[in-house]
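The values are calculated or read from the model by the stated rules, or taken from the named source; none is laboratory data. Note that the coordinates shown come from a computational prediction; the quantities given were computed from them, not determined experimentally. Quick reminder, even Gly has a Cβ in these numbers, built from the backbone with ideal geometry, and neighbours come from all protein chains shown. SASA here: full protein model, heavy atoms, side chains in, ligands and nucleic acids out. Shrake-Rupley method; radii C 1.70, N 1.55, O 1.52, S 1.80 Å.
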Amino acid sequence: MMNLTFIDYSIIVVYFVFVLGIGAFLKGKMKSSSDFLMSGRSIPLWITGLAFISANLGAQEVIGMSASGAKYGIMTGHFYWLGAIPAMVFLGIFMMPFYYGSRARSVPEYLVLRYDEKTRGLNALSFAVMTIFSSGISLYALAILFQSLLGWSFEVSIMLSAGIVMLYTFLGGLTSAVYNEVLQFFLIVLGIAPIVFVGLKNVGGWEGIVAELPAQMTHTWQYMGSSSENPMGVALWQMVLGLGFVLSFGYWCTDFLVVQRAMIARNMSAAQRTPLVAAFPKMLIPFVVILPGLIALVLHQKGTGFQLPLKPDGRVDYDMTLPILLAHYYPTGLLGVGLTALLASFMSGMAGNVTAFNSVFTYDIYQAYIKKQASDRHYLLVGKFTTVVGILVSIATAYLARQFNNIMDLLQLVFGFVNAPLFATFLLGMFWKRATGHGAFWGLVSGTLGAAIMHGITLAEGKGLWLIDSPVHTFQSGMGQAFAIAIVAWCTCFVVTIGISLVTKPKPDSELKGLVYSLTEKPKEEPQPWYFRPIPLSSVVLGATVVINYIFR
Amino acid sequence: MLSKFSDLRFTIGLFFTVVGSILLATFLWGMFLSGPSDLVGGVHLNLLGGSMMLIFGLLMLTLAGTFKRNR
């Protein structure tokens, strides 16, 4: 357990003062529902770009990726250099023009414009439930971590962090969440970077890591020939199709939590460039979150006195990699910054979930199904009320997770089934004008069912196989199974959507202008420097990603 | 002064200037009173982290135009 001093606590207090100060300062600017839920679509590009990746830089990423770094090595970089950057480029170049150009206020609202009400309803409802449960699960993880690190009681951790997130999102709405995400981004990077610096110095730099660890841990592509050769237990096709296409495009291009950050940009050009600008820091984040995992593993193996902690069953507890490194290296002062960075990552993830939840609930559930015609002030109040309710449900979920841990695992599994087919629906909607609402709805339902069935008939690490007695296929790892399930869900949704669309009546072309690629006028690029134009910018992003993949091949 | 907070660069700059200063003060306090207590793995971590944060904070404050003279 760590012992914090007055200086460490004072840094945590300074952080809380600034976070709440941002909310209090923005309170006076929240005049309409658009200000509160959409930031009045007036946020500068550098802020939307950093908020875009920071909304994803929650605790799961910071703690989870250093755990994966220690468990799987630099292969974890696939989640960035294959599983994020290409999808972010696709979002910026091809999908943002439809999201932003249609003036939809949310991703589900794009679905009602493009398809129909039932498709929007299905997406809005599942998204609202998933975000709020995710927020609660994150809160639970925070409380457990701070209980074991600092001895804080479960209740204190939950009430303190949830209370602060509630205050600043209630006061300043989405703008407050976005501003804080940018502050949290810098705090996480600057708070963890010294570990990388001193850690690399101790293990002899990257060369020292390469010399100490097996070759499979220091290469991303070289051992992808067979799932039995690499530490992740994933085959090349599962990695490229499952992670690199279905899951990454499904998350980065359709998840409102991240897309919302681009939708609040000042204009179309800034909205398109948001994920492209975000891609530059995104490709460097592995050096802050994955490298500590590799450093910890080398220190553990070298017998330097540093030990990765064990679970009660004797297995290594990889989730504690980063917290243990903080305790190992950081003196009083910097320890306060490091813990504040961890706290910030939890709060950033929670605020992102809550602000996305209140927009979807207010626009796509309340305004669509409960009260269609009301004053803007009414919807502003609903948005604020939803923020409070969202936080309270998150707290209740955290307590539920404490009581029934298995239910949370099950929920996360089901969420995976629901998310996997989504990108097929959007891809067909944006690029095939013949796709219909009936096709999209039943495509999503059958894709989810396909994912569940695939999980029920296959086996990996003792998981799955609840439909039949002997497995149709046994995967090398749970990750390989998850990627294969995603591919099946996507293909099922794609085929069913096309099949049903061909036998149902499509919307007339006049209703699809601005929503489908072939019916939308292409904007002419004005003469301006290359870094202001999405296509040259995306070429640089993709080129840099290829170089990084090559270096760590 | 309060209106400066509407510029996020100012807010972030001020935050890191304060935190960086706390870390540097902690380093100096240790140096003068009880010897360097932040020397870990051959690196003075509070000095390193504090300098990094202070420089970043001052840079953001400069970008926000905090040090420009009002003419």
Given (1) open to solvent by 40 Å² or more (accessible area, probe 1.4 Å); (2) closer than 30 Å to A:Ala104 by Cα, index of the condition A:Trp466 fails: (2)
Qualifying positions in the range A:317-344 - in contact (Cβ under 8 Å) with a residue 60 or more places away in the chain and β-branched (Val, Ile, Thr): A:Thr321, A:Thr332, A:Val337, A:Thr340
The one condition in (1) within 14 Å of another protein chain (Cβ to nearest Cβ); (2) under 27 Å from A:Phe552 (Cβ atoms) that A:Gly244 fails to fulfil: (1)
Just to be sure I understand, how many residues within the range A:429-456 are assigned to a helix (DSSP H, G or I) and either open to solvent by less than 10 Å² (accessible area, probe 1.4 Å) or more than 21 Å from A:Asp469 (Cβ to Cβ) (or both)? 17
Considering only the range A:38-49, state which residues are open to solvent by less than 10 Å² (accessible area, probe 1.4 Å) and modelled with pLDDT under 90. A:Met38, A:Ser39
Would you mind finding the one in A:Leu149, A:Leu142 that is closer than 18 Å to A:Leu326 by Cβ and either surrounded by 23 or more Cβ atoms within 10 Å (Cβ to Cβ) or touching a Phe, Trp or Tyr at 6+ places or on another chain (Cβ under 8 Å) (or both)? A:Leu142
Residues of the range A:104-123 being open to solvent by 10 Å² or more (accessible area, probe 1.4 Å) and farther than 18 Å from A:Lys433 by Cα, which ones? A:Arg105, A:Lys118, A:Gly121, A:Leu122, A:Asn123
In the range A:1-33, anything among the aliphatic types (A, V, I, L, M) and either part of a helix (DSSP H, G or I) or open to solvent by 50 Å² or more (accessible area, probe 1.4 Å) (or both) is listed as A:Met1, A:Ile7, A:Ile11, A:Ile12, A:Val13, A:Val14, A:Val17, A:Val19, A:Leu20, A:Ile22, A:Ala24, A:Leu26
Any residue at all in the range A:254-267 that is open to solvent by 30 Å² or more (accessible area, probe 1.4 Å) and over 30 Å from A:Leu142 (Cα atoms)? yes
Would you say A:Val316 is touching a Leu at 6+ places or on another chain (Cβ under 8 Å), within 14 Å of another protein chain (Cβ to nearest Cβ) and more than 28 Å from A:Ala420 (Cα to Cα)? no
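Per-residue answers, yes or no, for (1) in contact with a Phe, Trp or Tyr (Cβ under 6 Å, 6 or more places away or on another chain); (2) within 14 Å of chain B (Cβ to nearest Cβ):
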{"position": "A:Thr131", "(1), (2)": "yes, no"}
{"position": "A:Ser153", "(1), (2)": "no, no"}
{"position": "A:Gly163", "(1), (2)": "no, no"}
{"position": "A:Phe185", "(1), (2)": "no, yes"}
{"position": "A:Val189", "(1), (2)": "no, yes"}
{"position": "A:Lys201", "(1), (2)": "no, yes"}
{"position": "A:Glu212", "(1), (2)": "no, no"}
{"position": "A:Trp221", "(1), (2)": "no, no"}
Of the residues in the range A:193-240, those that are assigned to a loop (DSSP other than H, G, I, E, B) and of a type in the set (D, E, K, R) number 1
Tell me yes or no: at least one residue of the range A:50-68 is of a type in the set (S, T, N, Q) and open to solvent by 40 Å² or more (accessible area, probe 1.4 Å). yes
